[in-house]
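First the structure, in the form of structure tokens, and then the observations on it.
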Ligand code: HOZ
């Protein structure tokens, strides 16, 4: 398989864009080599600029829950484009989206639309600080909540991929309000709260970590977070940008039965278009302008194009869909694990509905420290061997794989056959 067109495009991009990309992970620095430029997608498949076809497990990093070019989404976008892309004024579709969210997410009574996950988490933090009149926030090591200043501490995703513990440009005065604790470690969180609990505005967490690879919460972890924050008068924020609508119709909070005070969303609710949202208890959300005094605004917020795309996608997610998604994810995880065992490859797979990760290690992976013990170099070799044979996983050992409703038997069998072939001589 040659990728000359991709290489030429990357050379061209390098001249006009930092690192040749508009977001770091896709630059392939985590796995070596140069990125693939894709020309189009259909269902579970992507086609690159050279005409090579791949089964896609990136899914635009999560939104493509029914695969690429899902007809209801395409139809909704086409229809809305003809009716106007946006008005900078209220429209019917944004109410329907707000209702679709508040009906499904136990912790969301009111919601504000924004344009990215970063914007959602940044706004949720501001609101939490205003609602509690406190400054400190706690986040977990390896969790990623976008790139707002307050959240770039021990962050996952691109920072982990590039080996950056944090970023220059964040004032020390801002960073000092962000405390970090290990994911799945209740004792460490208690210790922070024993010390400064009364100063903590909020604990923010990916209830299922997805930006250091997929790590489900240990039994009791989310329950403890709920209790510790409530006892201290702090808010609990679930960052469900990745898990919202993916792991359950009501997100991770629906799956685990925990109600956070605030929730951030993105990805699926835009059907593949740029979007974000933050929501929560009505009394907290009513602090947001113009109902309240916490300022937050956006020219493109709630634009009908993204709302219509998101509504078409969300409207397709019925019980049968989730049943199939759970089964497909489980089948992939079990078959890949069995294949690794057959070929003597140490591999841990963490999987929940619609997302999974493969860690080259023989130890359980429950935290950022565990993730760092896994063999990222081997992941890079695995990634390239799959890519060369037509399977596209995340170009980083620290990201999740995303499964969609379009991953049918053909896509899954193709993937499993290739994975088995690759494991056979991964270390030779
Ligand atoms: N934040 C994305 C995954 N968690 C990565 C986006 C990219 O760099 O392409």
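Values in this text are rule-based calculations from the coordinates and carry no lab data. Keep in mind that what you see is a predicted model, and the values were worked out from it rather than measured. Note that each Cβ is placed from the backbone with ideal geometry, even for glycine, and that neighbours are counted across all protein chains shown.
Just rank 121, 369, fewest to most, by other beta-carbon atoms within 10 angstrom.
Ascending Cβ contact count within 10 Å gives the list 369, 121.
Taking Cα pairs under 8 Å and at least six residues apart, what relative contact order does the chain come out at, in percent?
23 percent
Could you give the distance between the Cα centres of the stretch 220-254 and the stretch 338-396, to the whole Å?
The stretch 220-254 and the stretch 338-396 have Cα centres spaced 26 Å from each other.
Taking neighbour counts of Cβ atoms within 10 Å as a proxy for exposure, in what order, fewest first, do 299, 263, 324 appear?
Ordered by Cβ neighbours within 10 Å, fewest first: 299, 324, 263.
Percent relative contact order of the stretch 23-156, based on C-alpha pairs within less than 8 angstrom and at least six residues apart?
11 percent
Sort 73-82, 171-180, 149-158 by the packing proxy (mean of other Cβ within 10 Å over each peptide's residues), most packed first.
Answer by packing, highest mean first, reads 149-158, 73-82, 171-180.
Label the stretch 37-143 by shape, choosing from rounded, prolate and oblate, from the square roots a ≥ b ≥ c of the eigenvalues of the Cα gyration tensor; if a/c is under 1.5 it is rounded, and otherwise prolate applies when a/b is larger than b/c, oblate when it is not.
oblate
For the stretch 259-383, divide the Cα radius of gyration by the Kirkwood radius and give the resulting Rg/Rh value with two decimals.
When Rh is taken as the Kirkwood radius, the ratio is 1.11.
What list do you get for 116, 357 if you sort them by fewest beta carbons within 10 Å?
In order of increasing Cβ crowding within 10 Å: 116, 357.
Would you compute, from DSSP H runs of 4+ residues alone, the mean residue ellipticity of the chain at 222 nm, taking -39500 (n - 2.57) per run and dividing by the full residue count, rounded to the nearest 500?
Dividing the helical sum by the residues of the chain leaves -12000 deg cm²/dmol.
Using alpha carbons only, how many angstrom separate the centre of the stretch 28-97 from the centre of the stretch 9-25?
Rounded to whole Å, the Cα centres lie 20 Å apart.
Return the ratio Rg/(2.2 N^0.38 Å) for the chain, where Rg is computed over Cα atoms only.
That ratio works out to 0.95.
Please label the shape of the stretch 132-253 as rounded, prolate or oblate, based on the square roots a ≥ b ≥ c of the eigenvalues of the alpha-carbon gyration tensor (a/c under 1.5 means rounded; beyond that, a/b larger than b/c means prolate, else oblate).
Oblate is the answer for the stretch 132-253, as a/c is 1.5 or above yet b/c matches or exceeds a/b.
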